[in-house]
Amino acid sequence: MKQVVKGTYKAACLAFLTIALSACGGSGGSSSNAPEPTDPPPTTNPPQSATGIFLDSAVEGLSYSSGALSGFTDVDGRFEYEIDNTVIFSIGSITIGAALGADTITPLELIDGAEDETDDEVVNILRFLQTLDNDANPDNGIQITSIMRDLAVDTVIDFAQTPEAFTDDGLVQTIIATMTSGSDAGAQLLLSAETALAHFRETLDGINGIPTGSSDDEYCAANTPNLTSTRGNVYVFEVPSGSCLGITEDNSPKKTVPLSITEVRIHESITEGVDIHVVDNARLYLRSEGFNISGLDLNYSFEITNNSAHDYCIIPDDIHAKDAAGNVLDNINIFGESSAGSELFLNRSQRCFSPGYTQSYVARSNFTSREDFDKIASLEIERIVVNPLRDLSTVSKAEELDAQMSWTISPDVPNYPALRVTFTNNIGRDIRLDKSQHRVWFFDDEGYALSTNSVRLHEALGLEDDDELSDDDYVIMGNGEVFSLLDEVADNAAVTPSSATKARVYLRWDYVSP
């Protein structure tokens, strides 16, 4: 049809040109009644257009408009926009948001001033779109059907509220139930913020080029580790089943050896019964991959539990490695990891145990050869020292803050993972973060201590070092102030690679005032 129209138009032009030539000449004369020539009307260049993609997975069926262009996003999330013009996205009468036209637009670009995907308004849009998906499986794309659009009539949704308020919003509940009732999956409840964010972060990783964790990639898939326990200053995060934190494959050698204790030394001031349990084996992991200088790091881990009725400070002292004949291997020096393990009492000299608390104790050796690793047949703890809390009148434990962890793309080194931990101070008292780095230890499912690194306040704030921070920057208000700590190139993936499933964060802080 286009060829027919084009041919007809061309024939008409030729006919007009022939008539015009006949009228204008042949005798060489001119008519005095001929009209004076006039300037042609000015021409204007039509707006240039381009194609973009809307992603939280590809979103199909969103209404869009950009200048004179409008329509619905296709199965791949594609839309047309006028270059240098805004694109407005909506579902029926519900405006989702607007952004300057670009190759890729996500809900993050729709909210002016949103720093990252955790912005409340962004989170609520993510939840709304994913919940509306026709088959309730946003992993294979999000489809908004014409039936859903028709059901969204005379409705305005307020996305600019907290996720908690959004969940409780009666209008949101009603429109979700109404719109999804016309879907293949049937009526749905609004997805949680955690579920929606986890899905969206996978999309962001694909956009930013972070490795996906497939068998062809070096690094684990980006994910949102779950906070599984908090005791004092120790925050334990675990990744979903089948995923990991670090590299996908780890060929470093590891083994389990018997563990014995020569003496348990209890402080003379303790008169009540003391029940300390130490497991009878230790796990050894020799980090043989990544960055090493003339030797490998050897990590030891084992569990200590305080089964007593009171708080105690428990310290393994003088740990020795022995060969198969029971001889101490003098060239292997083992030192305890002082920044990790037990609960933090706010008197920092006292890293102790509540009744029933189990510590994953970590010790280390540096510059270890594979030959020395193979020689180790057992470990011996010369003594376990049990001390009471020193000043019961001033001792208090670190209260638990709300915490989240994300495994993200590095802001500085493309395609390297970064580790971010975000805390919220809802305890009602102002606290002061320790200015030093905050330790993170990584473990696997079997309890092997694989690697360690630190998260820092100044990195999360985009600063080169902590010298750019003042004392006040470390004060976190108790009225719900949020702060993040970041390792911009996660060491356990990029420098000291390991395939971990669990991360323990040891947060150091004190109250601003008694």
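Condition check ((1) among the charged types (D, E, K, R); (2) open to solvent by 20 Å² or more (accessible area, probe 1.4 Å)) across all residues:
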residue: Ile53; (1), (2): no, yes
residue: Ser70; (1), (2): no, yes
residue: Arg78; (1), (2): yes, yes
residue: Tyr81; (1), (2): no, no
residue: Ile96; (1), (2): no, no
residue: Thr104; (1), (2): no, yes
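All of (1) surrounded by 23 or more Cβ atoms within 10 Å (Cβ to Cβ); (2) in a strand (DSSP E or B); (3) within 18 Å of the chain's Cα centre (by Cα) hold for Asn453 with one exception: (1).
Scanning segment 314-328 for residues that are open to solvent by 20 Å² or more (accessible area, probe 1.4 Å) and either in contact with a His (Cβ under 8 Å, 6 or more places away or on another chain) or in a strand (DSSP E or B) (or both) yields Ile315, Asp317, Asp318, His320, Lys322, Val328. Restricting attention to segment 392-428, the residues that are part of a loop (DSSP other than H, G, I, E, B), at pLDDT below 90 and open to solvent by 60 Å² or more (accessible area, probe 1.4 Å) add up to 10.
Just checking, does segment 464-482 include any residue being modelled with pLDDT under 90, under 18 Å from the mean Cα position of the chain (by Cα), under 30 Å from Asn299 (Cα atoms) and open to solvent by 50 Å² or more (accessible area, probe 1.4 Å)? For segment 464-482, residues modelled with pLDDT under 90, under 18 Å from the mean Cα position of the chain (by Cα), under 30 Å from Asn299 (Cα atoms) and open to solvent by 50 Å² or more (accessible area, probe 1.4 Å): absent.
Every residue in segment 266-285 that is free of Cβ contacts under 8 Å to residues at least 40 places away in the same chain and open to solvent by less than 80 Å² (accessible area, probe 1.4 Å), please. Scanning segment 266-285 gives Glu272, Gly273, Asp275, Val279, Asn281.
Selection of segment 55-68 for residues being open to solvent by 50 Å² or more (accessible area, probe 1.4 Å) and at pLDDT below 90 yields an empty set. Within the option set Asp297, Asp311, being modelled with pLDDT under 90, out of contact with any Lys or Arg (no Cβ under 6 Å at 6 or more places or on another chain) and crowded, with 18+ Cβ neighbours inside 10 Å holds for one residue only, Asp311.
For Ala114, the conditions (1) farther than 23 Å from Val153 by Cα; (2) part of a strand (DSSP E or B); (3) among the hydrophobic types (A, V, I, L, M, F, W, C) are fulfilled apart from (2). The set of residues from segment 152-187 being farther than 25 Å from Ala114 by Cα, without any contact (Cβ under 8 Å) to a residue 40 or more places away in the chain, in a helix (DSSP H, G or I) and hydroxyl-bearing (Ser, Thr, Tyr) comprises Thr174, Thr178.
Apart from one condition, Ala160 fits all of (1) open to solvent by 10 Å² or more (accessible area, probe 1.4 Å); (2) over 28 Å from Trp407 (Cα atoms); (3) aliphatic (A, V, I, L, M); the exception is (2).
The values are calculated or read from the model by the stated rules, or taken from the named source; none is laboratory data. Since the structure is predicted, the reported quantities are computational estimates derived from the model, not experimental observations. Counting neighbours? That spans all protein chains shown, and the Cβs are built from the backbone with ideal geometry, glycine included. Remember, those area values only see protein heavy atoms, side chains included, never the ligands or the DNA or RNA. Shrake-Rupley method; radii C 1.70, N 1.55, O 1.52, S 1.80 Å.
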